[in-house]
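Here is the structure we will look at.
The values are calculated or read from the model by the stated rules, or taken from the named source; none is laboratory data. The shown structure was predicted, so the numbers you read here are calculated from the model rather than taken from an experiment. Neighbour counts run over all protein chains shown; Cβ positions are idealised from the backbone, glycine included. What goes into the accessible areas is simple: the full protein's heavy atoms, side chains included, and nothing from ligands, DNA or RNA. Shrake-Rupley method; radii C 1.70, N 1.55, O 1.52, S 1.80 Å.
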Amino acid sequence: MRYQRQIIIPQIGEKGQEKLKKSKVLIVGAGGLGSAAAFYLASSGIGYIGIVDPDIVELSNLQRQILHNEDHLGMPKPISAMITLKKLNKQVNILPYLEEINTRNAEKLIHSYDVVVACPDNFKTRFILNEVCFKKNKPLIIGAASNFEGHVFDIIPPKGPCYSCLFENAQDDKEQVGILAPVAGVIGTLQAVETIKLLLQIGEPLHGKMTIYDGIKGTFREVRFLRDSSCKICE
Ligand SMILES: [Zn+2]
């Protein structure tokens, strides 16, 4: 009954829904993008959702990080996320990891997952995820947003292009950037769609192409990009 409207989609069916129930997705970052992605992946019936985040819930998070609420202020974000998602869907297993992903723990963290959803707010974490996902052959769904804009694309090892092909030498801004709350929702939601497509191997993944959302104009556009032939990470 719960998944009826999904099961009647021809590309999904009962078989697809069963597959989602057995699937394991790791979400890195329980912020604005991670909130939207986690909500929709949990409500869609993904069986196992891991959530990695070292931070605690602060008041300034609540504008866009809809997994958290005023009662959860001061709580570790993965725990807050688990409480919220369990209220939505008890059948989903939520695995909280209260740590920062780094070069030492990344391989172990992603080891048992089918797909990794990158929702951090910095380049450093995305580069680590890119490298380790190629090592472990795991698809990685990238999302990023600021102000009124955001983008989404998929990285599917062992084939490039990868994150390094595109953003080589990108540095994190020291200054805080703005973000309109629902723009984070749009991008996180698109990441959830890409995740389900990859898990079920349906449709066309955003591989070698990026969807860019411009909220001010109200448009989506697609940009294709190639592998950097000197990239040492992808093939
Ligand atoms: Zn590459």
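Assorted remarks:
- With a 1.4 Å probe rolled over the protein heavy atoms of all chains, the accessible area of R227, R64, R221 falls in the order R221, R227, R64, largest first.
- Shape category assigned to segment 116-235 from the gyration tensor of Cα positions, a/c cut at 1.5: oblate
- Spin-label model, S230/R5: points 7 Å from Cα along the beta carbon direction are separated by 5.0 nm.
- Ordering E99, E70 by accessible surface, largest first, gives E70, E99; the 1.4 Å probe counts only protein heavy atoms, with every chain in place.
- Segment 81-217, relative contact order [Cα under 8 Å, separation at least 6], %: 24
- Shape call, the chain: gyration tensor on alpha carbons, a/c limit 1.5: rounded
- Taking I196, I79, I12 as the candidate residues, the one with maximal mean-square fluctuation in a Gaussian network model of the chain, Cα springs under 10 Å, is I12.
- Between E175 and L59, the contour length at 0.36 nm per residue exceeds the Cα-Cα span by 39.9 nm.
- Shape call, segment 1-114: gyration tensor on alpha carbons, a/c limit 1.5: oblate
- Fluctuation leader among F123, F148, F167 - the chain, Gaussian network, Cα springs under 10 angstrom: F167
- Share of carbon and sulfur in the accessible heavy-atom surface of the chain [1.4 Å probe, %]: 52
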